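Engineer: I have a structure here, written as structure tokens, and I will follow up with some questions on it.
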Amino acid sequence: MKMNPINFNNLSLVVKLMGMGILLSALPGCEDGDDSYVGNWVNLGDFEGVTRSDAVSFTIGDKAYIATGYQGDEDKRLKDLWEYDPHNDSWTQKADFPGIARNAATAFGTSTHGYVGTGFDGNNELSDFWEYNPATDSWRQIDDFPGTARYGAIAFPLNDKGFVGTGYDGKFLKDIWMYDPDTEKWSQVCSVGGSKRKDAVAFVIDGLAYVCGGINNGIYESDFWRYDPEADSWKELRHIENRTDESFDDEYTSIVGSGNVAFVAEHKAYLVTTRNNVWEYNPDLDLWKQRTSFEGTSRNEFVSFALNDRGYVATGRSGASYYDDVWVFYPESDYEEFD
């Protein structure tokens, strides 16, 4: 049996801290004094489903969805689907995902439907893909993902089409495939530039997709790429670590990593790291600026989404602790500690 692909990026750190008698969950999320940064985190309470890690999230219109994942306390993979309505801050359980229960899957949403596929079922990498219709609260299977079965892939929507790629199938990958809901067909597009990777970050701003981070052969990748769907081409941007003699990247000390998450609000991206650092990306300047750190417990294998120019972070795990808390980020608000 294969080992469950849980992200152990911080394992060495955990072991060292345990040897020093320090609990990882007790580490502060604010390394440099959050009151010096812009943005405010608010705890919205608990997600209605069970605690989990390695779930997927996607948005359709003004609603967000969380599905699948791994429930460590019971050592099982999940199939439930939950819808979040930001207007009344409520969660509603929807029709279960009909595929094999899984973690480390990927997902994207278009204007009318959600899509979930790939992942790991405890024994095998997966390639099946499923479409969710919120109007009828129903699922249907679409054509399998045509790349190799994999987990730890990225997905992003562009022009009401879905793009899926990278990840791990026994080796690291960099291929990208597009799904067109109108034709119900997959087609291969230009592979992401730079290195192969799994557990990378992808986000979309103004019709362009961005990919950074992830891990490849034990190395955290620091290259950063932008995809233009009209030209089907990738452009390399500035690295996300200090790689020049200029001053703009001197503070780029905590963006690189694997298993980070991102969301987009007010035409800027916000990357939340597994160590609680938050970085804002300005696409007009191709520059990153540190923002108020995430105030929840530091975690791996969490999810994020954006609604109404606000970013949300939920679920995840730290060691053997699994979470169901939900946090919202107001990018331009003044910082208020633990409000």
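No lab work stands behind these numbers, since they all come straight from the coordinates. Everything numeric here is computed off the predicted structure, so don't read it as measured data. Neighbour counts are summed over all protein chains in view; Cβ atoms, including those assigned to glycine, are modelled from backbone coordinates with ideal geometry.
Engineer: Structure shown: which of Lys79/Lys196; Lys63/Lys94; Lys235/Lys289; Lys171/Lys196; Lys63/Lys174 lie over 19 Å apart, alpha-carbon to alpha-carbon?
Structural biologist: From Lys79/Lys196; Lys63/Lys94; Lys235/Lys289; Lys171/Lys196; Lys63/Lys174, over 19 Å: Lys79/Lys196; Lys235/Lys289; Lys63/Lys174.
Engineer: Neighbouring Cβ atoms within 10 Å as the yardstick, rank Val256, Val50, Val261 fewest first.
Structural biologist: The fewest-first ordering by Cβ neighbours comes to Val50, Val256, Val261.
Engineer: So how do 181-187, 161-167 stack up, highest first, on mean other-Cβ count within 10 Å?
Structural biologist: So the order, starting with the most tightly packed, is 161-167, 181-187.
Engineer: Each residue of the range 168-177 in order: what ³J(HN,Hα) in whole Hz does its phi give by Karplus 6.51 cos²θ - 1.76 cosθ + 1.60, θ = phi - 60°, with x for Gly and Pro?
Structural biologist: Values, residue by residue: 9, 10, x, 9, 7, 10, 9, 6, 10, 10 Hz.
Engineer: In addition: Quick one: which residues, 5+ away or cross-chain, put their amide H under 5 Å from the amide H of Ile142? H built at 1.01 Å from N.
Structural biologist: Distant-sequence amide H within range of Ile142: Phe129, Trp130, Glu131.
Engineer: Considering the Cα trace of the range 11-330, what is its radius of gyration and what is Dmax, both in angstroms?
Structural biologist: Gyration radius and largest Cα-Cα distance of the range 11-330: 18.4, 57 Å.
Engineer: List the GluC sites (Glu not before Pro) within the range 251-304 that DSSP assigns to loop and that have no more than 15 neighbouring Cβ atoms inside 10 Å.
Structural biologist: Answer by residue number: Glu251, Glu266.
Engineer: So what J values fall out for the range 45-57 if you push phi through Karplus, 6.51 cos²θ - 1.76 cosθ + 1.60 with θ = phi - 60°, rounded to Hz, Gly and Pro as x?
Structural biologist: x, 9, 4, 6, x, 6, 4, 6, 10, 6, 7, 10, 9
Engineer: Using mean Cβ contacts within 10 Å as the protection proxy, how do 199-206, 303-310, 131-138 order, highest first?
Structural biologist: Averaged packing, sorted descending, gives the order 199-206, 303-310, 131-138.
Engineer: Read phi for every residue in the range 103-117 and hand back ³J(HN,Hα) as whole Hz from Karplus 6.51 cos²θ - 1.76 cosθ + 1.60, θ = phi - 60°, with x for Gly and Pro.
Structural biologist: 10, 6, 7, 9, 7, 8, x, 9, 5, 10, 9, x, 9, 9, x
Engineer: At what distance in angstrom do the alpha carbon centres of the range 114-154 and the range 38-102 lie from each other?
Structural biologist: For the range 114-154 versus the range 38-102, the Cα centre distance is 16 Å.
Engineer: Sequence-distant or interchain residues sharing an amide H contact under 5 Å with Tyr252, placed H: which?
Structural biologist: Asn242
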